[in-house]
Amino acid sequence: MKTGLTRSPQQAAEFIRGGGIVAFPTETVYGLGANIFDLEAVAKIFRAKQRPADNPLIVHIADLGQIELLASTVSENAKKFVMQFFPGPLTIVVGKSANVPVLATAGLNTVGIRMPRNRVAREFLEACRTPVAAPSANLSGRPSPTTWQAVSEDLDGRIDCILQAEPTEIGIESTVVDCTGEAPILLRAGAISLEELQVIVPETRNRDQANSKTSLSPGIMHRHYSPAGKVYLIDRDETVDLPGSAGYIGIHDRPEHFRFKKVSESVESYAHELFEFLRDCDRQKIGTIFCQTVSEQGIGTALMDRLRRAAEE
Ligand code: TXA
Ligand code: MG
């Protein structure tokens, strides 16, 4: 398959309307989209990414009116989050309507819904005239793409089109919150923190503090964010044993000589730069990658979550 490149959201949307799969930017990471109501198109996403079938997709909407096409029930808590955080980097999990294919939700009776705030994403979603199922636009297990070039590295020849735009602003995937139970449960940390959710619904809990069935987010157990090199997490004052070729990313400079180094200006920039840095290490065949730990507040919580997963064996 030849992968088309375009800067026109309308042209990219034509591929969706024709049953194809298209990579598009959002404020978090690039997504790989298909018409949620087209079963064959949704199946193409799983094939192109080599994604395990038990990992549910998030459905992206252009306007709040599309929620009723996807959800069977929207709890009061879900409505509060929608009013406060849509459009933005938040995914709400609610009961799914019968129209949504179970292939997209990995057999669950719930569906994740998100309305991106990125301008190009919104123009694209509007032109699609249907909600769009979209996981991150990387091969399964690889770091999520924050540039269209990273999408191309993983998926060129496997998808119909890439909507080319700027690098994404946040660089880490959306916060996912399950709103189906009595108290909302944070399933995946992201740019919107637990504290911010608690301002709106004080009962909101972390996954590990909740012990109900809904605390399990399928797909979260899968291998994630892995570059080819081995990732080690280090604290600021920790000494490291440098092998021949090592990379480093963090918010503090270090005295050792690294072959490839990135010192980010803030925790926000670190989050913004991490996935592209991991891909850069692969491009330069760097076998050992040191990543500085950060304190778990604000986006630091989401960043530490991604760092821990990248460092998993
Ligand atoms: O920022 C993002 O969320 C990006 C952009 C493209 O929107 N998308 C993204 O999708 O990160 P993906 O497929 O890489 O991650 C989706 C995750 C799943 O692995 C799962 O953990 C959670 O969202 N999820 C989706 N639907 C769910 C559901 N019905 N119940 C529980 N968790 C769900
Ligand atoms: Mg992903």
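Where a number appears in this text, it was derived from the coordinates with a stated rule and is not lab data. What you see is a predicted model, and the numbers here were worked out from it, not measured in a lab. Because the Cβ atoms are built from the backbone with ideal geometry, glycine has one as well, and the counts that use them run over all protein chains shown.
Based on the Cβ-Cβ distance from residue 228 to residue 109, what FRET efficiency comes out when R0 is 45 Å, to the nearest 0.05? Calculated value: 0.75. Comparing 240, 94, 201 in a Gaussian network model of the chain where C-alpha atoms under 10 Å apart are linked, the largest mean-square fluctuation is found at 240. Measuring r between the beta carbons of residue 53 and residue 76 and using R0 = 25 Å, the FRET efficiency lands at 0.15.
At a temperature of 10 °C and a viscosity of 1.306 mPa s, determine how fast the stretch 1-155 diffuses translationally according to Stokes-Einstein, using the Kirkwood radius over alpha-carbon pairs as Rh; express D in µm²/s, rounded to the nearest whole number. My calculation gives 104 µm²/s for D. Note: relative contact order over the stretch 1-115, using C-alpha pairs below 8 Å and six or more positions apart, is 25 percent. Dipole size of the stretch 19-149 about its Cα centre, with +1 on Lys/Arg Cβ and -1 on Asp/Glu Cβ: approximately 260 debye, rounded to the nearest 20. A dipole drawn for the chain from +1 and -1 charges on Cβ atoms has a positive end, and of 249, 120, 292 the residue lying farthest that way is 120. For the stretch 58-214, the dipole from Cβ point charges (+1 on Lys and Arg, -1 on Asp and Glu) about the Cα centre works out to 280 debye, to the nearest 20. A crude spin-label estimate for the pair residue 139 and residue 235, with each label 7 Å from Cα along the Cβ direction, gives 3.7 nm.
Ranking of 204, 3, 147 by neighbouring Cβ atoms within 10 Å, starting from the fewest: 3, 147, 204.
Quick note on the stretch 12-83: its Rg to Rh ratio, both from C-alpha atoms and Rh being the Kirkwood radius, is 0.99. Taking the Cα atoms of the stretch 225-266, the ratio Rg/Rh between the radius of gyration and the Kirkwood radius comes to 0.92. Here 46, 260 are placed in order of increasing Cβ neighbour count within 10 Å, fewest first, which gives 260, 46. For the chain, lysine pairs with C-alpha atoms less than 29 angstrom apart, excluding pairs fewer than eight positions apart on the same chain, total 19. Averaging the sequence gap over all C-alpha pairs within less than 8 Å and six or more residues apart, then dividing by the number of residues, gives the stretch 36-177 a relative contact order of 31 percent.
Look at where the Cα atoms of the stretch 78-139 and of the stretch 24-64 average out, and the two centres are 9 Å apart. Listing 295, 72, 174, 152 from fewest to most neighbouring C-beta atoms within 10 Å gives 295, 72, 152, 174.
Applying 1/(1 + (r/R0)^6) with r as the Cβ-Cβ distance of residue 195 and residue 97 and R0 = 41 angstrom yields a FRET efficiency of 0.85. Amide hydrogen proximity for residue 72: with H placed 1.01 Å from N in the peptide plane, the residues at 5 or more positions away or on another chain lying under 5 Å are 95, 96, 97.
The distance between label points at residue 309 and residue 5 comes to 2.9 nm (points 7 Å beyond Cα on the Cα→Cβ vector). What the pair-distance distribution of the chain shows, using all Cα-Cα distances binned every 10 Å from zero, is 6, 28, 35, 23, 8, 1 percent.
What distance in nm separates the simple spin-label points at residue 251 and residue 149, each placed 7 Å from Cα in the Cβ direction? Using points 7 Å along Cα→Cβ, the separation is 2.7 nm.
A simple charge model with +1 on the Cβ of Lys and Arg, -1 on the Cβ of Asp and Glu and nothing else charged puts the dipole of the chain at about 800 debye relative to its Cα centre.
Mean separation of Cα pairs under 8 Å and 6 or more residues apart, divided by the residue count, gives the chain a relative contact order of 21 percent.
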